[in-house]
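Only the coordinates and a few stated rules stand behind these numbers; no lab work does. On a predicted model such as this, the values are computed, not experimentally measured, just so you know. All Cβ positions, glycine included, derive from the backbone under ideal geometry; neighbour counts span all protein chains shown.
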Amino acid sequence: MANDRKPLISGNWKMNHNHFEAIQTIQKLAYALESGDYAAVDVSVHPPFTDIRSVQTVLQADDVPIALGAQNVHQADSGAYTGEVSPSMLAKLDVTYVIVGHSERRELFGETDEVVNAKAKAVLAAGMTPIVCVGETLEERNAGQAESKVAGQVAGSLAGFSADVVAALVVAYEPIWAIGTGETATPEDAQQMCGYIRGLVGDQWGSAAAGGVRIQYGGSVKPGNAPELMGQPDIDGALVGGASLDPDDFARIVRFPLYQ
Ligand code: PGA
């Protein structure tokens, strides 16, 4: 390996699986993976909030080293925010990683870089690791604005963070046109943007931060394309949507090193 960043493969279940289905899925995934897989790759699953306690119970009972994740969080720690879930509630359930600023949150629920920044800070304050999502639309890419869009999101979402904090967090580059469409960025395009993001981090936070931050690619990652995408020097894992709902497919993605 060219660097010592351990890849992180994360399954974002989105609004799928009730808690019974979640239990079945995590049991099958745990069965499919072996200790050697966890030695090579960090794995997280991000079920809906209503499933987290059920999944936690399965993982704890069998001592399964899959990290528990969430898909979203509110930035306040408690209070009159009807319908929201706080960072400390997630931390109490052994949640390790929290996705913030997923493009669906940004596009469908109006989350700005300022909100994403506040959520990432709140996640860190509760002792968890944010997975900060960035990515451009097809229109922006076609207009030659992909890099400027992503640069703005990185600067805004990570504003005020120290170099040590940036070194330990996760950024997910997810071109919006590749999410759920079956259209994957080519390994070259994905590498180009992930390398660009690492360069931005280096410019603003220094080489240790750039060398430490893990950058995932997301957007129609499947068992067939994962090995080549994960083989790129600046891609340190994947944020997987659709293919993470099937435990066999997701396990094959986690096991990408065997197919490289
Ligand atoms: P997809 O979703 O793998 O279904 O394209 C990725 C994501 O939204 O994180």
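Helix-derived [θ] at 222 nm for the chain: sum -39500 (n - 2.57) over DSSP H runs of at least 4, divide by residue count, nearest 500? Mind showing how you got there, number by number?
Working: 13 runs with 119 residues, N = 260.
Dividing the helical sum by the residues of the chain leaves -13000 deg cm²/dmol.
With θ set to phi - 60° and the Karplus curve 6.51 cos²θ - 1.76 cosθ + 1.60, what are the ³J(HN,Hα) couplings of region 34-39 in order, to the nearest whole Hz, using x for Gly and Pro?
10, 4, x, 5, 5, 5
Just to be sure I understand the model, the point goes 7 Å from the Cα along the line to the Cβ. What's the resulting M15 to D94 distance in nm?
With each label placed 7 Å out from Cα toward Cβ, I get 2.9 nm.
Quick one: if you stick a label point 7 Å off each Cα along the C-beta vector at A76 and E183, how many nm between them?
If labels sit at A76 and E183, their model points lie 4.0 nm apart.
For the chain, compute the orientation-averaged projected area of the C-alpha convex hull (one quarter of its surface), in nm². All intermediate terms of the calculation are to be shown ahead of the outcome.
Working: hull surface 51.1 nm².
Its average projected convex-hull area is 12.8 nm².
Set the Förster distance to 25 Å, then compute FRET efficiency between Q192 and F49 from the Cβ-Cβ distance, nearest 0.05.
Details: r = 35 Å, r/R0 = 1.41.
It comes out at approximately 0.10.
Filter the chain for me: DSSP H helices, axial length by Cα at least 15 angstrom, mean Kyte-Doolittle hydropathy not below -0.5. List them by residue number.
Details: long enough: 19-32 (20 Å, 0.10); 49-61 (19 Å, 0.32); 113-125 (18 Å, 0.41); 146-157 (16 Å, 0.04); 187-205 (26 Å, -0.62).
For the chain, where a helix must reach 15 Å along its axis and average at least -0.5, the hits are 19-32, 49-61, 113-125, 146-157.
Would you check the chain for Lys pairs whose C-alpha atoms are within less than 22 Å, ignoring same-chain pairs closer than 8 in sequence, and give me the count?
So the count of such lysine pairs works out to 10.
In terms of modelled amide H atoms, which long-range or inter-chain residues lie less than 5 Å from the amide H of G11?
Distant-sequence amide H within range of G11: S44, V45, H46, V240.
Compute the separation of the alpha-carbon centres of region 40-74 and region 183-254 and state it in Å as a whole number.
So the two Cα centres are separated by 21 Å.
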